[in-house]
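Before any comments, here is the structure.
The values are calculated or read from the model by the stated rules, or taken from the named source; none is laboratory data. Note that the coordinates shown come from a computational prediction; the quantities given were computed from them, not determined experimentally. Counting neighbours? That spans all protein chains shown, and the Cβs are built from the backbone with ideal geometry, glycine included.
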Amino acid sequence: MMIGALVLAAGLGRRMGGSKLDMLLDGQPVLAHVLQRLAVAGLPVLVVTGGHGEKVRKVVGALPVAHAADHALGLAASIRSGIAAVPSEWDGLLVALGDMPFVRAETYAMLAAALAAGAGAVVPVQGGQWGNPAGFSRRHFAALSGLAGDTGARALLRPVGARALLRPVGARALLRPICAMEIRVDDAGIHRDIDVATDLPKAAGE
């Protein structure tokens with residue numbers, strides 16, 4: 001089975017005050033760290049661009065991209081644009097975030113392996129808390145396309161054994177949460193993103 005990574009890189013970076021994915025972290029753009037670790041994990045990628053498309057494309061280089069023309073509507077718009085452009089040969093994907101450069105390659109590989117082994121959805125867990133990226137088999141791509149507003153992919157998930165109650169997701173109809181396999185990882189990077197300018201000095205050199 002082929003598992004890929006949908007890399008969300010379409011945000012406007014409002015809290016950063018502008019483009020953040022091309023800002024340098026240990027001498028490389030933030031997004032470059034994410035792409036390199038996905039490459040080490042052996043995953044093909046599709047990068048979703050939006051608010052700072054030209055700057056992101058310079059970092060992405062020759063890798064495939066999908067442009068979310070309606071990216072300003074929220075995170076879900078980027079996910080929908082990405083799902084619409086996913087290669088037909090992908091059997092599943094990780095919804096990777098371009099502003100999370102600390103997730104280890106091993107974590108990406110473990111999540112992808114669980115999907116390839118037949119899991120319908122996966123989520124990494126460290127310190128008892130869910131992190132990113134979440135992963136989905138192709139049978140759940142339609143649910144990802146049903147997200148709306150600033151709702152992320154993890155909103156679709158519930159732990160194994162939890163009651164599958166219908167709930168609103170974004171501004172659209174009620175969706176039934178998807179049972180997620182929890183993958184325990186020794187990786188605090190699943191909880192860390194680059195959100196504001198002070199995150200970069202604190203992160204540099206780690």
Check off (1) surrounded by fewer than 17 Cβ atoms within 10 Å (Cβ to Cβ); (2) in contact with a strand residue (DSSP E or B) (Cβ under 7 Å, 6 or more places away or on another chain); (3) within 16 Å of Asp187 (Cα to Cα) for Pro159 and give me the number that stays unchecked.
(3)
Candidates Gly92, Gly51 - the one that is over 16 Å from the mean Cα position of the chain (by Cα), in contact (Cβ under 8 Å) with a residue 24 or more places away in the chain and under 25 Å from Ala148 (Cα atoms)
Gly51
Could you please find all residues in the stretch 123-171 being in a loop (DSSP other than H, G, I, E, B), modelled with pLDDT under 90 and more than 22 Å from Leu6 (Cα to Cα)?
Val160, Gly161, Ala162, Arg163, Ala164, Leu165, Leu166, Ala171
Checked the stretch 104-122 for anything surrounded by fewer than 22 Cβ atoms within 10 Å (Cβ to Cβ) and either among the hydroxyl-bearing types (Ser, Thr, Tyr) or part of a strand (DSSP E or B) (or both); matches are none
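Hey, any hits in the stretch 172-181 for a residue that's surrounded by 12 or more Cβ atoms within 10 Å (Cβ to Cβ), modelled with pLDDT under 55 and not basic (Lys, Arg)?
Checked the stretch 172-181: at least one residue is surrounded by 12 or more Cβ atoms within 10 Å (Cβ to Cβ), modelled with pLDDT under 55 and not basic (Lys, Arg).
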Which ones in the stretch 54-65 are touching a residue at least 12 places away in the same chain (Cβ under 8 Å) and over 18 Å from Asp99 (Cβ atoms)?
Pro64
Restricting to the stretch 88-103, count the residues that are part of a loop (DSSP other than H, G, I, E, B) and either in contact with a strand residue (DSSP E or B) (Cβ under 7 Å, 6 or more places away or on another chain) or among the small types (Gly, Ala, Ser) (or both).
5
Please determine whether any residue of the stretch 105-121 is touching a helix residue (DSSP H, G or I) at 6+ places or on another chain (Cβ under 9 Å), under 25 Å from Ala68 (Cα atoms) and modelled with pLDDT of 95 or more.
yes
